[in-house]
Amino acid sequence: MMRICGPSASALLATAIWLLAGVALGQPPVIRAGDPVPRDVREIYEAGCRYLAKVQEPSGNWNDSQQGPGVTGMAMMVLLASGEDPNHGAYRTHIRRALRSIIASQDAESGFYGGSGGSHSSMYQHGFATLAVAEAYGVVDDRTLWIEDGGPGKGLSTGQSLELAVKLAVTSAKHNPLGAWRYSPDATDHDTSVSGAMLMGLLGARNAGIEVPDETIDKAITYYTTMTGPDGQVGYAGPQGGSMATTSIGTLVMAIARRKDLPQFALASRCLVGGVHAGGSESHYLNYTRYYKAQALFQADVDAWQQWNMKLIQDVKAQRRPDGSLSTGAAGDGGQVAGTSLTLLALALNFRFLPIYER
């Protein structure tokens, strides 16, 4: 893999001067709501939404090699970001089925999405499901959510479910020495990938108006600063050996937590943006990397995002299958549904309908 973030002496000196000068990374936003969306993006996205709607199970789940409430949440977020009215639009039924499915999977006592066990239970699933429910909160009409599935009162409201999910995430972080997360709620080890899914879920919930303790967010952000190396790469379980995916995650969570003032955000952002200008490629966990890199670049440097986004559009256009799916079939791609959803969500920055995509 090409190393794009090596800390040469001149680069470190330039970084130090730049930090001391207090120059803000990136350009002022030139992207505005209402800016024209490229035709290719609309066509790819609409075909992807039709594919996801077609393969959804009547229960609301999407069943694939990767499945669970988190995968269902990713696909639901694609439909929420399509621009269709979630209560009256073309994907109204699919969104509501998915939301009911996620809420129904939640353990009533712990708040864990995915129940009390099983092959599809992990903090990845919980984190992505929490973010999806947060994005649906206040947008999908709770008053009629359960009417189509047996009448009012059959299930929790979106807000009630989200509060339970947040409680589980906060309790889990308290039990972790670094305030981070791993595969199980009671894990004492950590990694920046699972922690990214969990922290984005909490930040999405906070943005939606759910109370999330500052202590939990602050400790998690401190964790990411300790995982950031001097070259700006964010490691997986330490500050060494970072990837484009984990560096994107670190950049993104610091931005969404409103901590762009951190020197580690500056280092990670410069590393990320430098990769765009150097023409670096991402071949491992392609769709997962695209998902986080799109959001991280958009937060760090709009010009760099625009440059990378144009290449992404062309790559995805060539990748699209006749049925509208986008999965590459490569190792770590996540399966057809998850892989397609992740790349569509990377393209969704062009629409900017989801609250978490605000800059």
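The values are calculated or read from the model by the stated rules, or taken from the named source; none is laboratory data. Keep in mind the model is a prediction, meaning the values are calculated, not measured. FYI the Cβ positions are ideal-geometry reconstructions off the backbone, even for glycines, and counts take in every protein chain you see.
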- [ ] Pick out, from segment 75-187, the helices (runs of 4 or more DSSP H) lying fully within it that include 1 or more residues that are of a type in the set (Gly, Ala, Ser) and within 15 Å of GLY204 (Cα to Cα).
- [x] 123-136, 158-175
Task: Residues of segment 150-198 satisfying the condition of being charged (D, E, K, R) and within 17 Å of the chain's Cα centre (by Cα) - done: ARG182, ASP191
Open item on the list: If GLY274 satisfies all but one of (1) surrounded by 18 or more Cβ atoms within 10 Å (Cβ to Cβ); (2) farther than 17 Å from VAL194 by Cβ, what's the number of the condition it fails?
Closed with: (1)
- [ ] Quick one: in segment 131-179, of everything that is touching a Gly at 6+ places or on another chain (Cβ under 8 Å) and modelled with pLDDT under 95, which residue is nearest to ILE210 (Cα to Cα)?
- [x] GLY138
TODO: Considering each residue of segment 54-76, count those that are closer than 20 Å to GLN319 by Cβ and either buried (at least 22 other Cβ atoms within 10 Å of the Cβ) or in contact with a helix residue (DSSP H, G or I) (Cβ under 9 Å, 6 or more places away or on another chain) (or both), and give that number.
DONE: 8
- [ ] Name, by its number, the condition in (1) within 16 Å of the chain's Cα centre (by Cα); (2) in a loop (DSSP other than H, G, I, E, B) that does not hold for GLY250.
- [x] (2)
Open item on the list: Quick check on my filter: what residues within segment 198-232 are aliphatic (A, V, I, L, M), in contact with a Ser or Thr (Cβ under 8 Å, 6 or more places away or on another chain) and assigned to a loop (DSSP other than H, G, I, E, B)?
Closed with: MET227
Task: Residue pairs meeting the criteria (Cβ under 8 Å; at least 6 apart or on separate chains; first of a type in the set (Asp, Glu), in segment 336-359; second modelled with pLDDT under 95) - done: GLU358/ARG352
TODO: Inspect all residues belonging to segment 300-318 and state whether any of them is part of a helix (DSSP H, G or I), under 29 Å from PRO177 (Cα atoms) and not charged (D, E, K, R).
DONE: no
Open item on the list: Please pick out the residue among ASP303, ASP315, ASP261 that is among the charged types (D, E, K, R), surrounded by fewer than 22 Cβ atoms within 10 Å (Cβ to Cβ) and touching a residue at least 40 places away in the same chain (Cβ under 8 Å).
Closed with: ASP303
Task: Residues of segment 234-258 classified as under 25 Å from ASP214 (Cβ atoms), without any contact (Cβ under 8 Å) to a residue 24 or more places away in the chain and polar (S, T, N, Q), total - done: 0
